[in-house]
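Comments concern the structure below.
The values are calculated or read from the model by the stated rules, or taken from the named source; none is laboratory data. Everything numeric in this text was worked out from a predicted model, so none of it was measured. Cβ atoms come from the backbone with ideal geometry, glycine included; neighbour counts cover every protein chain shown. Surface areas here come from the heavy atoms of the whole protein model, side chains and all, with no ligands, DNA or RNA. Shrake-Rupley method; radii C 1.70, N 1.55, O 1.52, S 1.80 Å.
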Amino acid sequence: MEQTVSMRMQDAIPYLLTVLHIGTAVWVTVHALLKKRDVASAIGWIGLAWLSPIAGSVLYVTFGINRVHARAQSLRRPFLRTRSGGSAAAVPFQGLALAVERITGRGIESGNRLEMLSAGDGAYPLMLEAIGRARTSIALSSYIFRADAAGQRFIEALAAARKRGVEVRVLIDGIGGGYLLSPAYHRLRDAGIPAARFLHSPLPWRMPFLNLRNHKKILVIDGRVGFTGGLNIGAENLLADSPRHPVRDTHFRIEGPVVAQLMEAFAEDWQFVTGESLSGPDWFPVLSPVGDTPARVVTSGPDQDIEKLEYTLLNAIAVARRSIRIATPYFLPDDRLCSALEMAALRGIAVDVVIPAKGNHRVLDWAVPVQIRPLAAAGCRIWLAPPPFVHAKLMTVDGCWALVGSANWDVRSLRLNFELDLEVYGDAFAALVDAAIDTGRCRLVSLDDLDARSLPVMLRDAAARLLLRYL
């Protein structure tokens with residue numbers, strides 16, 4: 001009797017596995033059809049689920065579902081964003097201004113004054129001076145905050161401000177600030193400064209090692225003076241001190257009504273991490289016009305801001321009539337942005353992209369030639385900037401529109417990181433950004449250069465490009 005039951009169970013196993021295979025494959029098919037925007041990706045996963053029984057479905061559940069967006073959406077809290085601002089009629093590219101307002105939910109703020117700062121040598125003294133003069137509040141967010149000589153100056157300045165009664169809040173990324181030790185964070189806490197780490201957990205299995213990084217660089221003093229750009233806090237940014245791995249970057253000092261949007265972006269992140277709401281005149285004073293430059297903050301990330309930066313870039317490329325200039329330390333955008341730049345070059349727009357001759361991540365350097373060859377073939381000019389490593393993120397269109405900030409031209413910045421950029425309208429500011437971009441235009445990459453690579457090198461580079469979404 002027992003033998004008969006055992007035989008029947010053995011006979012039933014193939015049928016149970018078949019039902020399990022069909023059921024899981026049907027589920028993958030439905031999920032991919034509803035959730036996958038990319039047709040090739042949907043077809044590939046559906047095919048794998050049906051042709052690789054059970055294993056294909058397991059792979060889809062493990063690697064095919066975008067948990068980054070889902071997790072970010074579930075973690076974020078709603079935050080009221082500033083829509084007030086100047087009229088789009090007061091700026092060039094009225095259609096672009098309207099599109100970005102609809103994309104970001106923020107209006108253009110007129111009456112701002114912006115100053116470009118070069119590397120830590122130019123930015124740190126002004127940032128430290130502003131911290132020293134703070135009277136009511138200091139909000140500081142940095143992806144990297146080192147406890148070296150440069151970082152220690154900031155820690156001491158923040159501690160002194162705290163002692164004289166200034167409200168201080170410091171936010172450091174859970175990865176960029178040092179996952180295991182984060183000495184700057186602990187020194188800040190030891191000094192009695194309210195500091196927090198963005199999405200950090202002491203439990204490795206709960207820590208998003210590769211995703212959900214806060215890459216923003218924000219400093220707001222008394223709600224009136226702001227700093228943002230690509231500059232982290234570390235001794236490598238002080239070129240005059242001849243650091244071992246020097247970094248050349250660009251930062252910006254800002255005054256005027258748009259500082260409220262900068263402060264708003266920090267307050268949203270701080271509330272998300274700590275639950276504390278920053279409000280009132282100490283953080284959000286009434287701001288009067290101090291200049292004549294219209295500007296707007298553009299935030300992006302895998303939460304409610306998903307794809308907002310990419311849509312902004314696509315709209316800016318679409319309105320270009322004369323020139324598009326880009327400087328970025330990492331150039332690995334997706335096919336939509338590459339195609340938009342190629343189409344711009346084909347219709348006669350002068351497209352210039354400046355990237356470092358040697359980056360600080362070898363695998364990224366391998367992937368870049370494959371990415372830039374179609375652009376070079378379409379007529380885009382790709383320039384290599386000599387050392388030191390250029391970390392600035394700059395863009396202009398037609399010499400009258402600029403985008404500066406923390407975001408790189410790669411899938412990580414455009415889809416995974418939480419980023420902050422500043423959209424600026426006006427010839428004068430765009431001319432400053434153009435001049436900064438031009439300083440990196442050293443050697444032009446030709447198609448002959450790209451095609452002269454040996455077959456093993458081409459295969460290595462092509463393989464590295466397959467990691468595009470993870471680099």
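Backbone phi angles across the stretch 394-401, fed through the Karplus curve with coefficients 6.51, -1.76 and 1.60 (θ = phi - 60°), yield HN-Hα couplings of 9, 8, 9, 10, 6, x, 9, 9 Hz in residue order; Gly and Pro are listed as x. Between 0 and 90 degrees, the angle of helix 39-51 with respect to the longest Cα principal axis of the chain falls at about 30 degrees. Between residue 113 and residue 307, the distance separating the two model label sites (each 7 Å from Cα on the Cα→Cβ line) works out to 4.1 nm. Rolling a 1.4 Å probe over the protein heavy atoms leaves residue 136 with an accessible area of roughly 50 Å². Accessible area ranking (1.4 Å probe, heavy atoms, ligands and nucleic acids excluded), largest first, for 253, 321, 412: 321, 253, 412.
Quick check on the chain: helices-only [θ] at 222 nm, where DSSP H runs of length 4 and up contribute -39,500 (n - 2.57) each and the sum goes over total residues. Nearest 500, please.
-13000 deg cm²/dmol
Backbone phi angles across the stretch 348-357, fed through the Karplus curve with coefficients 6.51, -1.76 and 1.60 (θ = phi - 60°), yield HN-Hα couplings of x, 6, 7, 10, 10, 10, 10, 10, x, 5 Hz in residue order; Gly and Pro are listed as x.
Selection among 182, 114, 94 by position relative to the dipole of the chain gives 182 as farthest towards the positive end (Cβ unit charges, Cα centre).
Carbon and sulfur together cover what percent of the accessible area of the stretch 285-363 at a 1.4 Å probe radius? Here it works out to 54 percent. How big is the gap, in Å, between the Cα center of the stretch 213-285 and the Cα center of the stretch 369-416? That distance is 22 Å. When the charge dipole of the chain is built from unit charges on Cβ atoms (+1 for Lys and Arg, -1 for Asp and Glu) and taken about the Cα centre, the candidate among 272, 360, 439 whose Cα reaches farthest toward its positive end is 272. Using a probe of 1.4 Å on the protein chains alone, the accessible area found for residue 393 is around 10 Å². Each of 285, 45, 406 was placed along the dipole of the chain (beta-carbon charges, centred on the mean Cα), and the one lying farthest toward the positive end is 45.
Would you work out the relative contact order for the stretch 263-393, in percent, from Cα pairs under 8 angstrom that are 6 or more residues apart? Relative contact order of the stretch 263-393: 21 percent.
Computing Rg/Rh (Cα atoms, Kirkwood Rh) for the structure here picks out one of [x] 0.99; [y] 0.96; [z] 1.03, namely [z].
In this structure the amide hydrogen of residue 301, modeled in the peptide plane, comes within under 5 Å of the amide hydrogens of 306, 307, 308, 309, 419, none closer than 5 places in sequence on its chain.
Taking 262, 17 and ordering them by how much accessible surface each has at a 1.4 Å probe, largest first, produces 17, 262.
For the listed peptides 455-466, 340-351, a ranking on the average number of other beta carbons within 10 Å per residue, highest first, reads 340-351, 455-466.
Treating r as the C-beta distance of residue 94 and residue 358 and R0 as 51 Å, the FRET efficiency rounds to 0.80. For the chain, the relative contact order works out to 16 percent when only alpha carbon pairs closer than 8 Å and six or more residues apart are counted. In this structure, residue 277 and residue 156 have a Cβ-Cβ separation that, at R0 = 30 Å, corresponds to a calculated FRET efficiency of about 0.60.
The long axis of helix 335-346 is offset from the longest Cα principal axis of the chain by roughly 60 degrees. Heavy-atom accessible area with a 1.4 Å probe sorts 338, 442, largest first, into 442, 338. When +1 charges are put on Lys and Arg Cβ atoms and -1 charges on Asp and Glu Cβ atoms, the dipole computed for the chain relative to its Cα centre reaches about 540 debye. In the full protein context, the stretch 94-205 carries 41 Å² of accessible surface per residue, based on a 1.4 Å probe and ignoring ligands, DNA and RNA. Database remark: amide H of residue 147 closer than 5 angstrom to the amide H of 184 (H placed geometrically; neighbours at sequence offset of 5 or more, or on other chains; Pro and chain starts carry no H). Close amide H pairs (under 5 Å, H built 1.01 Å from N) link residue 389 with 248, residues at least 5 positions away or on another chain. Listed values for the stretch 416-423 are Karplus-derived 3J(HN,Hα) couplings in whole Hz (6.51 cos²θ - 1.76 cosθ + 1.60, θ = phi - 60°), namely 10, 6, 8, 10, 9, 10, 10, 8, and x replaces Gly and Pro.
As I understand it, the value is the acute angle between the Cα axis of helix 119-133 and the longest principal axis of the Cα atoms of the chain; what does it come to in degrees, rounded to 10? Taking the Cα atoms of the chain, the angle to 119-133 is about 70 degrees.
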